[in-house]
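Down below is the structure, laid out as structure tokens.
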Amino acid sequence: MARRARVHAEAGRPLSAVADAQQALLGCLSLASGPLRSPARIAVARVAAHVAQVQLLIDGDTDLTAGAADFAIREVVGGLGPGDPLQLSPIEADLLVRAGMVAVIMHTAAGRPTLAEAAGQLVGLEAHALFAWASQQGDVSMRHQFPTFGVDWLSAVVNFGQRHAEQELWPAAVDAAAWLTGIVGQLAPFAIVDTGVQRNVLAILDWQEGIFTATGDPAAAARVAEVRTTVRASGGPG
């Protein structure tokens with residue numbers, strides 16, 4: 001029902017979309033019992049994430065949109081204490097990204113920057129988790145569309161790293177820079193033939209070099225500079 005609601009929303013049928021979305025959410029809320037992150041509750045959270053996206057697509061009720069997104073997020077991260085690792089299954093990560101993106105938009109529009117920032121942190125972290133998992137599993141769609149997926153992955157990781165660098169949380173920023181090395185390596189062949197990919201890769205390499213320089217790792221910064229020279233020499237902008 002939730003997926004049908006999204007089909008209606010994307011096809012420009014808001015009345016059908018909102019009817020199916022509300023029916024889907026109300027029909028499964030009674031199943032949200034038992035321990036947090038149990039299969040039944042995660043299933044309900046997935047429906048709530050889809051409903052939030054549908055409401056956003058059709059410009060529906062703002063309270064319902066934000067409420068559905070926040071509910072889905074709470075079902076995934078609820079019960080975790082400060083400092084607990086956020087270890088999620090691919091299904092949990094996917095719904096967290098879906099709900100988090102809606103929450104960022106809704107809370108920003110409503111003038112709730114603290115909630116928007118918290119949701120944005122989750123989106124970036126779990127987008128990275130999703131891309132990393134798909135890459136490690138050899139996902140076919142990711143392999144064939146890596147110029148798109150790879151650039152999105154770069155954005156998720158560098159945004160996460162930049163936020164931590166701005167707060168002088170250098171271990172997290174360096175961790176992001178290290179992950180970017182592997183992603184850039186996978187994107188390098190596409191940068192030769194796609195100027196858009198090359199621009200993104202060059203910008204990331206500049207950021208990486210800055211992080212390694214700021215944290216006193218000249219050897220890593222020099223390696224990044226060598227890669228940048230190679231990418232620029234491949235043609236296109238530079």
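One table, with the values for the structure above:
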{"quantity": "Total residues in the range 186-214, condition in contact with a Gly (Cβ under 8 Å, 6 or more places away or on another chain), over 18 Å from ARG163 (Cα atoms) and crowded, with 22+ Cβ neighbours inside 10 Å", "calculated": "4"}
{"quantity": "Members of the range 151-174 found to be in contact with a Lys or Arg (Cβ under 9 Å, 6 or more places away or on another chain) and assigned to a loop (DSSP other than H, G, I, E, B), listed by number", "calculated": "LEU169"}
{"quantity": "Among the residues listed as PHE71, PHE131, the single one being modelled with pLDDT of 65 or more, within 30 Å of ASP59 (Cα to Cα) and within 13 Å of the chain's Cα centre (by Cα)", "calculated": "PHE131"}
{"quantity": "Count of the range 193-238 residues which are among the small types (Gly, Ala, Ser) and assigned to a helix (DSSP H, G or I)", "calculated": "10"}
{"quantity": "Checking HIS164 against (1) in contact (Cβ under 8 Å) with a residue 24 or more places away in the chain; (2) surrounded by 17 or more Cβ atoms within 10 Å (Cβ to Cβ), the condition it does not meet", "calculated": "(1)"}
{"quantity": "So VAL76, is it under 22 Å from the mean Cα position of the chain (by Cα), farther than 22 Å from ASP152 by Cβ and either at pLDDT 80 or above or surrounded by fewer than 19 Cβ atoms within 10 Å (Cβ to Cβ) (or both)", "calculated": "no"}
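Results for (1) loosely packed, with under 14 Cβ neighbours inside 10 Å; (2) assigned to a helix (DSSP H, G or I), shown as yes or no for each residue.
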site	(1), (2)
LEU15	yes, yes
VAL18	no, yes
GLN22	no, yes
LEU26	yes, yes
SER30	yes, yes
GLY34	yes, no
VAL51	no, yes
LEU56	no, yes
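For every residue, the table says whether it meets (1) modelled with pLDDT of 85 or more; (2) closer than 16 Å to MET101 by Cβ; (3) not small (Gly, Ala, Ser).
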site	(1), (2), (3)
HIS8	no, no, yes
LEU15	no, no, yes
ALA19	no, no, no
CYS28	no, no, yes
SER33	no, no, no
SER38	no, no, no
ALA48	yes, yes, no
ALA52	yes, yes, no
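The values are calculated or read from the model by the stated rules, or taken from the named source; none is laboratory data. Note that the structure is predicted; figures quoted are calculated from it, not measured. In this analysis, Cβ positions are derived from the backbone assuming ideal geometry, glycine residues included, and neighbour counts consider all displayed protein chains.
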